[in-house]
Amino acid sequence: TYVVIASFYETLITGINGQDGAYLAQNLIQKNFKIFGILRRGSTPKNERLLKLKIHNKIEYLRCDLTEHQTLQYYIEKIKPNYIYNLAAQSFVQYSFENPFNTFKVNFEAVLNILETLRKTNLKKCKFYQASTSEMFGNVVKNNNKLINLNNRFEPVSPYAVSKLFSHHLVKLYRDSYNLYASTGILFNHESPLRGNEFVTKKIVENLVNQKFKNGPVLQLGNIDAARDWGHAKDYVESMVKIMEQKKPDDYIIASGKLHSVREFFLIVAKYLDFQPKFIGKGFNEICIDQISKKVLMKISKRYYRDNELFNLKGDSSIARKKLKWKPKYTFKKMVKEMIDTEIDQ
Ligand code: F7E
């Protein structure tokens, strides 16, 4: 049961308890939007990130599996949202190699379900946002001095990336064929204290803080020479809002334009925590020791290597910066510092 409050800005967010869903809800609540959040069915609803941001009781929750066509259509027809942000996804790239079926179901079928509902219910005024991803480009740019832009080809290298690319094309198809307002944000990696702990940035921060203060176990990582263009999720959800403010639907690249390796990220965190890290050995035998305590801080584990790797990615967001007037507030250093300080305070 839920109450529909008459407001101009009814907004439906899928993936409401994810990192981006939580920050987006916070952002829109501050702008007086009425937020409906779809939560997956299950005995215990998950809303821990919304609790952390203290917005859990400002959201109207709807329980629904995104691939259930009838339920979703029922909710959408009832609410008649002005905006739908589709942020729900199986977003862990490594897991997509192990379970491509589930990855496709959530990342593709759900998008088809929402778009079909919008087409059938003739909700033309509703604006739809799809969370596309830099992963769709794969290793298309070999020279890491070059920034990726919308003229580059898509060359996905994981089931996750393929599923997202399917949906990306689907959005364009619905936009062009049925005149729906459907936009995408091709977001490069974005992190924050709310990042899930299976992703490499949060995994490193959480582990090293535990090693520092709680005698936690050695960190095990995969390919530490992979590099990414990392921004802050709070800045990136602001770009989503701006994309939806545009008169015409379109696709936008959102990125910082700067590249850092996993090794570099690890070193920054280790040094911030006053370790004296030193790498020894090569390949799978490489380890990192703390020169003060002589303890091993990190070792390489084959387990975290992927069946196919995306080596580096750096995006050109100049169009978004110009057209949307989007400007990130966080620098890379400020984001890493915030992640570490929050982890220490927990
Ligand atoms: O990996 C390497 C790993 O899992 C980053 C998702 O939000 O961003 C994210 O995807 C890099 C990769 O993120 C470990 O091989 C080394 O090269 O943090 P990640 P991701 O795969 O880039 C894009 C834009 C999305 O759309 C995704 O949904 O770090 N790496 N050692 C490791 N990665 C993990 N997770 N764990 C390790 O131990």
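Residues in region 87-109: is at least one within 16 Å of the ligand (Cβ to nearest atom), more than 22 Å from residue 65 (Cα to Cα) and under 17 Å from the mean Cα position of the chain (by Cα)?
Yes, region 87-109 has at least one match.
Could you grab me the full set of residues in region 269-308 that are surrounded by fewer than 16 Cβ atoms within 10 Å (Cβ to Cβ), assigned to a loop (DSSP other than H, G, I, E, B) and under 31 Å from the mean Cα position of the chain (by Cα)?
Within region 269-308, 274, 301, 305, 306, 307, 308 meet the criteria.
Being within 12 Å of the ligand (Cβ to nearest atom) and not in a loop (DSSP other than H, G, I, E, B) is the filter; apply it to region 168-190 and report the residue that is surrounded by the most Cβ atoms within 10 Å (Cβ to Cβ).
Filtering region 168-190 for residues that are within 12 Å of the ligand (Cβ to nearest atom) and not in a loop (DSSP other than H, G, I, E, B), the one surrounded by the most Cβ atoms within 10 Å (Cβ to Cβ) comes out as 190.
If you check residue 91 against the conditions, is it buried (at least 19 other Cβ atoms within 10 Å of the Cβ), in a loop (DSSP other than H, G, I, E, B) and small (Gly, Ala, Ser)?
yes
What single numbered condition from (1) assigned to a helix (DSSP H, G or I); (2) within 15 Å of the ligand (Cβ to nearest atom); (3) farther than 21 Å from residue 305 by Cβ; (4) of a type outside the set (S, T, N, Q) fails to hold for residue 265?
Here residue 265 clears every test but (3).
If you check residue 341 against the conditions, is it acidic (Asp, Glu), over 20 Å from the mean Cα position of the chain (by Cα) and at pLDDT 95 or above?
In short, yes.
Only residues that are within 15 Å of the ligand (Cβ to nearest atom), among the charged types (D, E, K, R) and over 18 Å from the mean Cα position of the chain (by Cα): list them for region 210-258, please.
Passing the criteria: only 225.
Would you confirm, using the coordinates I've provided, whether residue 109 is in a helix (DSSP H, G or I), exposed (fewer than 15 other Cβ atoms within 10 Å of the Cβ) and of a type outside the set (S, T, N, Q)?
The answer is no for residue 109.
For region 145-153, state whether one or more residues are surrounded by 16 or more Cβ atoms within 10 Å (Cβ to Cβ) and without any contact (Cβ under 8 Å) to a residue 12 or more places away in the chain.
no
Working carefully through the options 72, 150, 115, find the one that is modelled with pLDDT of 95 or more, in contact with a helix residue (DSSP H, G or I) (Cβ under 8 Å, 6 or more places away or on another chain) and not in a loop (DSSP other than H, G, I, E, B).
115
Taking region 57-102, which residues are without any contact (Cβ under 8 Å) to a residue 24 or more places away in the chain and in contact with a Cys (Cβ under 7 Å, 6 or more places away or on another chain)?
71
Search region 191-209 for residues being more than 9 Å from the ligand (Cβ to nearest atom) and assigned to a loop (DSSP other than H, G, I, E, B), and hand back the single one that is surrounded by the most Cβ atoms within 10 Å (Cβ to Cβ). Reasoning before the result, please.
In the first step, residues of region 191-209 are kept if they are more than 9 Å from the ligand (Cβ to nearest atom); the result is 192-194, 197, 205-209.
Then keep just the ones that are assigned to a loop (DSSP other than H, G, I, E, B); that gives 192-194, 197.
Working: 192: 24, 193: 21, 194: 22, 197: 12.
Among those residues, the one meeting the criterion is 192.
Starting from region 286-315, take each residue that is farther than 25 Å from residue 259 by Cβ and more than 8 Å from the ligand (Cβ to nearest atom) and list its partners that are of a type in the set (A, V, I, L, M, F, W, C) and part of a loop (DSSP other than H, G, I, E, B), counting only C-beta distances under 6 angstrom and pairs at least six apart or across chains.
290/275; 296/218
The values are calculated or read from the model by the stated rules, or taken from the named source; none is laboratory data. None of these values were measured; they are calculated from a predicted model. As a convention, Cβ positions derive from the backbone with ideal geometry for all residues, glycine included, and neighbour counts pool all protein chains shown.
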